[in-house]
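The structure appears below as structure tokens.
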Amino acid sequence: MNTVSGNRGLLQAENLIFEIGAETRTGVDLPAPKGRADRLGGLKRTAPLPLPGLSEPEAVRHYVRLSQKNYAIDLGFFPLGSCTMKHNPRLNEKMARLEGFADLHPLQPVQTVQGALMLMEELSRWLITLTGMQAVALSPKAGAHGEACGMLAIKAAIVARGEGETRKRVLVPSSAHGTNPATAAACGFIVDEIKGDADGRVDLADVTEQLGPDVAAIMMTNPNTCGLFEPDIRRIADMVHAAGGYFYCDGANYNAIVGRVRPGDLGVDAMHINLHKTFSTPHGGGGPGAGPTVLSAALAPFAPVPYLVRDGETLHLVETENSADGEAQPFGRMCAFHGQMGMYVRALTYMLSHGADGLRQVAEDAVLNANYLLARLKGHFGAPFGDRPCMHEVLLDDSTLKPHGVETIDLAKALIDEGYHPMTTYFPLVVHGALLIEPTETESKAELDRFADVLIALAERAKTDAAHFKSAPHLAPMRRLDETRAARQPKLRWRPEEALRAAAE
Ligand SMILES: *Cc1c(COP(=O)(O)O)cnc(C)c1O
């Protein structure tokens, strides 16, 4: 239904700020400065700056309207697979807003920030203990940044062994998250794919065949992106080590095993931890992430600066590579300062408020919730590995919908009409028409039942009414977009001439 105003009910339509603002408008009204000579040496602008001026109420409405277009974990269930979209406890936020943490400046003298450094030390201790590793680099600012940190540590270790020219290959399973091969390539490695077997796991025979003196590392995710625990992981780690390589584990799925399995016991050499997934700090548009990277004894000496050292009662940060002592041979630095302080406060608050037993229960409940959804949904959708329990994610596909002319994308769009953010679609790539759902431990049984009821009803409707799905979403402000064109010809800059031309057409 089209409205005259473009608004839908109380949801306000909103144009770009360049379309609603104008150079001639402003929220402040100051008299022109008088009695001062121009000190710009002839560099004074002759034309006004083309910025879209708005009055204060217009500016407020613009941003509030935009904010209401967001779907958020605080608004409803967010079933994205692999992303661990769990509730962000409000206690975390309260602690992060304490002045002693929130108002720090990264260039403050170190004796004035001892409390913050103690918090970083305590967080490091928890991360090292939970993972059974030797050291942690706190500074990476996201999972992908943590991958880069781990792979650069591996590279430094290989160069230190004098094998920098010969060990160039990194093995990555076909089911891997796209960041894994991208990171390896960005760090200068050659990426070779390892096959998956029919059971959705890494093909052991293929690993054996591909390992050799030119392999720097294997990058694996455990539990993997099919939502399954890799049962041969310890054997694979041993094989990689025997061949002289290192084992990078993508720790994005750590939520499924936190408190239950220590990656160090599995032979992992480096693993990033997405604090914004497992440890409940805000995610994506909700806030900056953090990707601390834990390192084994073999890689710990290569950890980047800055890192914390304790000198009796005092903590300080080793800031430069040449001030490193003893065994340390830092490979460099990941970011300007020490990383995301606010995320450290939130993550440690979460750990302390759960305790070791609470964190174990997080993993158990996350797996229980996923298995509950699997049990309810597998009779209604294709479930490629549905003959056995899953870990924290349910992997379904569109094989039962396709005979009726409905595909994964159509189901996802129909789910928007029902008020749900769609699950992850078409990932992992190894499953055709994949639907990957991660409920997390923070959803109640009632919420899971509501979601399952909706999905089951949609699966039934698909049998007789494909047209409904093909034209969905019907109720969203934007209908189906030309996603291929958006990806191939992205418009990254607003140009007034183009906008005028489009309006004329
Ligand atoms: C989220 C995720 C990443 C990347 O983490 P970011 O914090 O988004 O950079 C890597 N691997 C897997 C499996 C993930 O789910």
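The values are calculated or read from the model by the stated rules, or taken from the named source; none is laboratory data. Computed from a prediction, not measured in an experiment: that's the story for all the values here. Glycine also receives a Cβ, built like all others from the backbone with ideal geometry; neighbour counts cover every protein chain displayed. Quick note on the areas: whole protein, heavy atoms, side chains included, nothing else; ligands and nucleic acids left out. Shrake-Rupley method; radii C 1.70, N 1.55, O 1.52, S 1.80 Å.
Some values worked out for this structure:
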{"item": "Principal axis dimensions, the stretch 262-322 - Cα atoms, whole angstrom, descending", "result": "37, 29, 23"}
{"item": "The stretch 223-285: C-alpha gyration tensor shape, a/c 1.5 cut-off, then a/b vs b/c", "result": "prolate"}
{"item": "Solvent accessible area, Å² - K445, 1.4 Å probe, full protein context", "result": "120 Å²"}
{"item": "Euclidean distance between Cα centres, the stretch 212-248 to the stretch 336-370, Å", "result": "26 Å"}
{"item": "Approximate spin-label separation R161-D238, in nm, with each point projected 7 Å along Cα-to-Cβ", "result": "1.9 nm"}
{"item": "Listed residue pairs exceeding 25 Å between alpha carbons, taken from K86/K378; K94/K413; K195/K470; K86/K413; K69/K413", "result": "K94/K413; K195/K470"}
{"item": "DSSP H segments from the chain that extend 24 Å or more along their own axis, Cα-based, with Kyte-Doolittle mean of 1.0 or above", "result": "143-160"}
{"item": "Whole-number accessible area per residue in Å² for the chain, which is evaluated in the context of all protein chains at 1.4 Å", "result": "50 Å²"}
{"item": "Carbon/sulfur fraction of accessible area - the chain, other protein chains in place, 1.4 Å, %", "result": "56 percent"}
{"item": "Surface accessible to a 1.4 Å probe, R167 within the full protein complex, Å²", "result": "20 Å²"}
{"item": "Under 10 Å, Cβ to Cβ, from H177 - net charge with Lys/Arg +1 and Asp/Glu -1", "result": "-2"}
{"item": "Heavy-atom accessible area ranking, 1.4 Å probe, most first, across R310, R36", "result": "R36, R310"}
{"item": "Distance between modelled label sites at L75 and R125, nm, 7 Å Cα→Cβ extension", "result": "4.1 nm"}
{"item": "Convex hull of Cα atoms in the chain, direction-averaged projection (nm²)", "result": "30.9 nm²"}
{"item": "Calculated log₁₀ intensity ratio I(q)/I(0) where the Debye formula runs over C-alpha points of the stretch 90-350, q = 0.08, 0.10 Å⁻¹", "result": "-0.31, -0.48"}
{"item": "Order by protection proxy (mean Cβ within 10 Å, highest first), peptides 75-82, 349-356", "result": "75-82, 349-356"}
{"item": "Estimated 222 nm signal from helices in the chain, with DSSP H stretches of n ≥ 4 weighted -39500 (n - 2.57), rounded to 500", "result": "-10500 deg cm²/dmol"}
{"item": "Within the stretch 299-321: backbone nitrogen closer than 19 Å to the C335 label point (7 Å, Cα to C-beta)", "result": "303-309, 317-321"}
{"item": "Cα gyration tensor shape of the stretch 1-125, rounded if a/c is under 1.5, else prolate or oblate by comparing a/b with b/c", "result": "oblate"}
{"item": "Euclidean distance of C-alpha centroids, the stretch 383-404 and the stretch 85-123, integer Å", "result": "42 Å"}
{"item": "Exposure ranking of H145, H241 by accessible area [1.4 Å probe, largest first]", "result": "H241, H145"}
{"item": "Under 5 Å, built H, 5+ apart or other chain: amide partners of Y246", "result": "A217, I218"}
{"item": "Solvent accessible area, Å² - H62, 1.4 Å probe, full protein context", "result": "10 Å²"}
